[in-house]
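Okay, structure first, notes after.
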């Protein structure tokens with residue numbers, strides 16, 4: 001195992017010949033990050049946010065424009081990839097078609113002149129961990145996508161790396177296989193206790209696998225924390241909207257004061273939500289902000305509840321839960337309910353919100369307004 005430390009890391013590509021409007025100066029912009037010894041860290045963000053570029057710089061496959069990378073106490077900026085003692089598993093399985101599963105896993109050991117007995121011992125050990133014992137004599141063409149990815153991961157860890165790097169290893173698999181391999185990867189990490197960095201655009205993978213999540217956008221680290229921290233305490237509107245399924249409802253609002261209390265109000269809507277008192281020192285009458293609330297904190301009100309009924313715009317029955325969407329002005333608010341009533345477009349319902357679960361965001365910067 002080893003601690004991974006990134007200090008003020010920059011990556012800039014040659015953008016000559018591209019239109020100025022298409023150029024983002026830095027693919028990775030001043031990234032500072034520390035992955036503790038034995039920790040599982042996910043790099044999470046949309047396509048093009050710099051997460052794979054970061055991983056490739058750690059692996060030594062991309063040159064660093066500026067900054068430092070340390071694996072343990074050793075600065076590795078100028079080390080060749082083979083000398084960094086890392087394991088790599090990419091989304092492309094890249095197995096050798098003429099070689100059996102056993103020989104694919106053993107390939108890196110053969111290249112390092114590991115003895116046949118030691119290579120066999122280590123391959124069999126990894127095969128047991130990843131449930132590949134019955135596949136060792138098969139050729140890659142005979143394997144399913146999930147089996148190929150397990151071989152890919154086995155090949156990465158058979159070298160006993162200090163650091164395991166995985167770049168979207170589940171992206172080519174179907175939903176059921178992704179779920180199964182998520183469990184396998186988590187179990188494997190706990191078994192080998194190796195420092196792991198996992199790149200993904202899928203927030204469900206990051207939330208279920210990682211000890212901590214680094215959320216990136218346009219090459220900039222937005223937030224680094226535990227899954228529940230980035231879910232419950234997003235630092236800005238981007239993180240709030242990116243984490244969670246369905247995503248957080250975020251609406252522009254005008255705060256008004258009435259009879260000593262503050263309320264969120266919305267253009268072209270009669271909906272009013274009481275502002276939690278913890279925000280009172282940060283707000284004022286007539287203030288424009290954006291308010292965020294997660295779908296599970298919006299619920300159906302009783303017939304006796306205060307407020308004007310709102311018409312259903314969208315109804316989705318997913319079996320274990322129902323999702324209802326209503327229009328509030330120009331915004332669509334989604335809620336999750338266990339109510340077994342089947343609603344249709346145009347039905348009238350009353351809406352209630354757990355005001356204490358709301359988040360406020362600055363309308364200019366998108367940063368969260370702390371209570």
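Using a simple spin-label model with points 7 Å from Cα along the Cα→Cβ vector, what separation in nm is obtained for residue 356 and residue 100?
So the two model labels end up 6.3 nm from each other.
Between residue 179 and residue 284, what's the calculated FRET efficiency when r is the beta-carbon distance and R0 is 51 Å? Round to 0.05.
According to the calculation, E is roughly 0.60.
Quick one: angle between helix 175-192 and the longest Cα principal axis of the chain, in degrees between 0 and 90, rounded to 10, please.
The two axes meet at around 60 degrees.
For the pair residue 232 and residue 68, what calculated FRET efficiency results from E = 1/(1 + (r/R0)^6), where r is the Cβ-Cβ distance and R0 = 22 Å, to the nearest 0.05?
E(calc), rounded to 0.05, equals 0.10.
What's the FRET efficiency of residue 277 with residue 256 using the Cβ-Cβ distance as r and R₀ = 22 Å, to the nearest 0.05?
The computed FRET efficiency comes out at 0.90.
Based on other C-beta atoms within 10 Å, arrange 198, 93, 284 from fewest to most.
Neighbour counts put them in this order, fewest first: 284, 93, 198.
Just 259, 352, 205 to compare: in a GNM of the chain, with alpha carbon springs under 10 Å, which one fluctuates most?
Of 259, 352, 205, the Gaussian network model singles out 259 as fluctuating most.
Measure off 7 Å from each Cα along the Cα-to-Cβ vector at residue 191 and residue 332, then give the distance between these two points in nanometres to one decimal.
4.3
Which residue, 342, 290, 162, tops the fluctuation ranking in a GNM of the chain built on C-alpha contacts under 10 Å?
Largest GNM mean-square fluctuation: 342.
Subtract the Cα-Cα distance of residue 131 and residue 115 from 0.36 nm times their separation in residues, and report this length gain in nm to one decimal.
Separation in residues times 0.36 nm, less the Cα-Cα distance, equals 3.4 nm.
Of 11, 282, 344, 350, how do they rank once you tally other Cβ atoms within 10 Å and put the fewest first?
By the 10 Å Cβ count, ascending, the order reads 344, 282, 350, 11.
Pick out which of 244, 38, 175 has the largest mean-square fluctuation in a Gaussian network model of the chain, springs linking Cα atoms closer than 10 Å.
175
Can you compute the helix-only [θ] at 222 nm over the chain? Use -39500 (n - 2.57) per DSSP H run of at least 4 residues, normalise by all residues, nearest 500 deg cm²/dmol.
For the chain, the value works out to -7000 deg cm²/dmol.
May I ask you to compute the full-extension gain from residue 267 to residue 32, defined as 0.36 nm times their residue separation minus their alpha-carbon distance, rounded to one decimal in nm?
Gain on extension, residue 267 to residue 32, equals 80.5 nm.
Counting other beta carbons within 10 Å of each residue's own, what order do 230, 183 fall into, fewest first?
The fewest-first ordering by Cβ neighbours comes to 183, 230.
Return one number: the angle in degrees, 0 to 90 and rounded to the nearest 10, between the long axis of the Cα atoms of helix 145-157 and the longest principal axis of the Cα atoms of the chain.
Helix 145-157 and the main axis of the chain meet at about 60 degrees.
Coordinate-derived values only; no laboratory data. Since the model is a prediction, treat every value here as computed from it, not as a measurement. We place every Cβ from the backbone using ideal geometry, glycine too, and count neighbours over all the protein chains shown.
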